[in-house]
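Everything below concerns the one structure shown next.
Every number in this text was worked out from the coordinates using simple rules, so none of it is lab data. Bear in mind the structure is a predicted one, so any value in this text is a computation, not a measurement. In this analysis, Cβ positions are derived from the backbone assuming ideal geometry, glycine residues included, and neighbour counts consider all displayed protein chains.
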Amino acid sequence: MPVVPLARRAGARTAVLAALTLAGTTLSGVSAVAAPIPGDNGDVKIHASTTAAVNQRNDPKVCDFYLAAFNFDAGEQINWTIQTQPEVPGGATRTGSFVADPTGMGRTEAVDLPNGQYKLTWLTDQAHGAGKFKVFKVDCPTSKPATPVGGPPAGGGGIARSEAFTPVTGAAAVGLAAVAGTVWFRLRRRPHGAA
């Protein structure tokens, strides 16, 4: 009787067991691919205020915006946090939550943030893990009028900035006006400007 080395028999046995396990899983009707875990299957998008709530695109650069949720479990609560990126102590932070409707969708009211880079993190009440995130930018045009710097345009007269008129400058202007007035008044009192 031929003798088969032990290592060769163990390898064949392992291959047969693996094949039977895979066949048994397939025959029993259980999918070999795991189904999504409840709480980990949704996505939150950043939407410009002009983007329709049903649109699944993400707007990474916005001014006025809201958050829109897609593909969550019905009735699932989505908790979200927005922080400056990179994180700045005392930076703008917003938090909130909303509940997915029966279709797995949801949205927030408008979110107001100053211009800058931000990180959105969301986590559901059924989630497993640290949550998911997106980085986006708030970039609104500034509506402040430009402050003039330097003197006025030719023929404009006056002072362009209040910072240019200091107390010392004011005192000098008053003193100069007083001296000029006194000299003019004295010259006027003398006949024909005689000394």
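Details
- Between Thr121 and Thr142, residue separation times 0.36 nm minus the direct Cα-Cα distance comes to 4.8 nm.
- In this simple spin-label approximation, Lys132 and Asp64 carry label points 7 Å from Cα along the Cα→Cβ vector, and these lie 2.8 nm apart.
- GluC sites (Glu not before Pro) within the range 45-143, DSSP loop, no more than 11 other Cβ atoms inside 10 Å: Glu87, Glu109
- Separation in nanometres of the label points that stand 7 Å from Cα toward Cβ, at Ala177 and Arg94: 5.1
- Ratio of Rg to Rh for the range 43-138: 0.95 [Cα atoms; Kirkwood radius as inverse mean 1/r over pairs].
- Surrounding net charge for Lys45, when Lys and Arg each add one and Asp and Glu each subtract one, Cβ distance under 13 Å: +2
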